[in-house]
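Notes follow the structure.
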Amino acid sequence: MRPAASRFGRWSGRPPTRECGEATAASRARSADLSESRSETPAGDGAAPDDAAPVGDVPSIYIARLADHVGELVELRGWVDKRRSSGKIGFLELRDGSPDTVQGVVSRKEVDESSWEAMQAATQESTVRLVGRVVEDARAPSGYELHVSELEVLQATEEYPITPKEHGTAFLMENRHLWLRSSRQRAILRVRSAAIAAIREFFDRRDYVLIDSPILTPAACEGTSTLFETDYFGDPAYLSQSGQLYLEPAAAAFGKVYCFGPTFRAEKSKTRRHLMEFWMVEPEVAFLEFDGLCALAEEFLAAVVGRVLERCRGELESLERDVSVLERVQAPFPRMRYREAIELLQGEGKELQFGDDFGAEEETILASQFDRPLMITHYPVASKAFYMQPDAEDPELALALDVIAPEGYGEIIGGSQRIHDHDLLARRIDQHELPRQAFQWYLDIRRYGAFPHSGFGMGLERFVAWLTRSPHLRETIPYPRMLHKIYP
RNA sequence: UCCUCGGUAGCUCAAUGGUAGAGCGUUCGGCUGUUAACCGAAAUGUUGGGGGUUCAAGUCCCUCCCGAGGAGCCA
């Protein structure tokens, strides 16, 4: 940290030297954009002119753009991902945020003394600046290498905690802020980012309006889960466990709406399938009835999985994900009524009765019967939330839908048609011993222009865990919040 | 909250109740094509805390703390 500090000025404040003299209008405009373009993500579709920042005669580029500069001299800046060295040649694997890393080859006879010394000082995770020529090389995993002519260490890192060998999850979780740099974590979080983009795109293209539901709420949404309580100017307030109830009024204003934000559950769950804070996307659609809801969930999953497959092939490959499982996510999905599921499980030797909930093991048995997501419908009213519409043909059954992901990832989607009859909903609120006063606004939706409507919620982390076949949800969110764990 | 397993070097792990070990990382040296590079050398310990049994405890007993997995609950 010592001598490097003085180098940061040069690092961040380097003036674009082509500014004066023969600078064209275009190059001047690009130089003015310097700071902005440099902070852009390097993994874009190719639109970002990140190579528009000249340093002397050498363009400063991202690894993702190497292919456009074969044979040219370029500057790269980033972190030493790995380093291997021999007596007179060194290999420095550079990471700059691009999906791939690139290997810089530093040959003693081709660089000056200070660059060679820098090679010795460039320990794992040191920040470095490389200038060199881009060459194609079949030996390089990404197909390109940088033949380094100049190497500068911006900060030499000492004793980086995460070594190239194995580590336990407890240690990695304590170092989550550093673990993010690892290739596997980068791939998973890129898939998460792409999944979020695909989800938004799905709804935006279908003219849904994004409604941000509140995170601080005055009372329990569904009255079931344990909630985080906080002090709201002397009154208790709770962190939201679902945006759905707040979405229903908005559906009367905009027809098709969705929310997508963090959700909080204070359940003392301590399994690979639980987080205290997770992200949930919830669409809600006016005049959509149960069959339409099932079709929407099906279309949604197929479209989003398809988009992620398009955009994250490389990430899924590096995670050694069997993408054929994801390629099969095409409508129609298998469907099964709750009663059939119970019978199937009884046939497997499970001692289950009508009315019982499925545990993780039961869900896995059911899902393993099929090669794509399984839709289970028509659950007993008693086992579901108070607002779910009863089936007209059998009022003991709720028009509820769960989608179970294959491969043991459990329920990723839960949804239902909502009760739109005022008196029935009021009765249910009373039966569940919920405070009628607190739900007055919710009942209002059934007083002023009632309409049938349906919606579902999908837990983002479970979805991403399934996409990436992650063993635990904690790897699918940048900073997981787990039972008694809130660091870093 | 309950059940199971665990806590030894910075990390991953060994060690019949009898001298505290290895690999990686670090430091030093060697090596011109390495891909978790390789070869040689060195430094690194309050064995999670407290109490007990014993001639002797990393090891056995009690207790507390911390971690991992699972159950319940859920997305």
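The values are calculated or read from the model by the stated rules, or taken from the named source; none is laboratory data. For clarity, every value in this text was computed on a predicted model and none was experimentally measured. As a convention, Cβ positions derive from the backbone with ideal geometry for all residues, glycine included, and neighbour counts pool all protein chains shown. Note: areas computed on protein heavy atoms with side chains; ligands, DNA, RNA excluded. Shrake-Rupley method; radii C 1.70, N 1.55, O 1.52, S 1.80 Å.
The solvent-accessible area of A:His177, taken with every protein chain present and a 1.4 Å probe, is close to 80 Å². Mind running the shape call on the stretch A:97-137? Use the C-alpha gyration tensor, a ≥ b ≥ c as the square roots of the eigenvalues: rounded below 1.5 for a/c, prolate if a/b tops b/c, oblate otherwise. It is oblate, given that a/c is not under 1.5 and a/b is not larger than b/c. Classified by the C-alpha gyration tensor, the stretch A:92-165 has an oblate form. Its axis ratio a/c, with a ≥ b ≥ c, is 1.5 or above, and a/b does not exceed b/c.
All other residues with a Cβ under 14 Å from the Cβ of A:Val191 taken together, and with Lys, Arg as +1 and Asp, Glu as -1, what is their net charge? Summing Lys/Arg as +1 and Asp/Glu as -1 gives +4.
Over all other residues within a Cβ to Cβ distance under 9 Å of A:Val80, the charged ones net out to 0, with Lys and Arg as +1 and Asp and Glu as -1. In plain terms, chain A is cut at each of the chymotrypsin sites (Phe, Trp or Tyr not before Pro) found in a DSSP loop with at most 16 other Cβ atoms within 10 Å, and the longest leftover piece is A:1-227. Qualifying GluC sites (Glu not before Pro) in the stretch A:333-400, where qualification requires a DSSP coil assignment and no more than 13 other C-beta atoms within 10 Å, comprise A:Glu348, A:Glu351, A:Glu393, A:Glu396.
The length gained on full extension between A:Glu396 and A:Asp357, counted as 0.36 nm times the residue separation minus their Cα-Cα distance, comes to 12.5 nm.
Near A:Leu460: Cβ cut-off under 15 Å, other residues only, Lys/Arg at +1 and Asp/Glu at -1. The net charge is +3.
Placing dummy labels 7 Å off each Cα toward the beta-carbon, the span from A:Ile162 to A:Asp421 is 5.6 nm. Basic side chains Lys and Arg get +1 at the Cβ, acidic Asp and Glu get -1 at the Cβ, and with that the dipole of the stretch A:57-205 about its Cα centre reaches some 660 debye. Among the trypsin sites (Lys or Arg not before Pro) found in the stretch A:86-117, those both in a DSSP coil and sparsely packed, with 13 or fewer other Cβ atoms within 10 Å of their Cβ, are A:Lys88. Taking 0.36 nm per residue of separation and subtracting the current Cα-Cα distance, fully stretching the chain between A:Ser107 and A:Leu180 would add 23.2 nm.
In the full protein context, chain A carries 48 Å² of accessible surface per residue, based on a 1.4 Å probe and ignoring ligands, DNA and RNA. Taking a ≥ b ≥ c as the square roots of the eigenvalues of the Cα gyration tensor, the stretch A:176-294 is oblate, since a/c reaches 1.5 or more and a/b is not larger than b/c.
Based on DSSP H runs of at least 4 residues, each adding -39500 (n - 2.57), what is the mean residue ellipticity at 222 nm of chain A after dividing by all its residues, to the nearest 500 deg cm²/dmol?
Dividing the helical sum by the residues of chain A leaves -9000 deg cm²/dmol.
FRET efficiency for the pair A:Gln369 and A:Ala266, taken as 1/(1 + (r/R0)^6) with r the Cβ-Cβ distance and R0 = 41 Å, rounds to 0.75. Once all protein chains are placed together, A:Leu344 keeps about 50 Å² accessible to a 1.4 angstrom probe. When nucleic acids and ligands are ignored and a 1.4 Å probe is applied, A:Ser368 ends up with an accessible area of around 80 Å².
Separation of the stretch A:84-140 and the stretch A:409-435, taken as the distance between their Cα centroids, equals 61 angstrom. Across all C-alpha atoms in chain A, the radius of gyration and Dmax reach 27.3, 86 Å. Relative to the Cα centre, the charge distribution of chain A, modelled as +1 at Lys and Arg Cβ and -1 at Asp and Glu Cβ, gives a dipole magnitude of about 1340 debye. Here r is the Cβ-Cβ distance between A:Ala450 and A:Arg205 and R0 is 25 Å; the resulting FRET efficiency, rounded to 0.05, is 0.30. Measure off, as a whole percent, the carbon and sulfur share of the 1.4 Å-probe accessible area of chain A, all protein chains present. Ligands and nucleic acids excluded, carbon and sulfur reach 50 percent.
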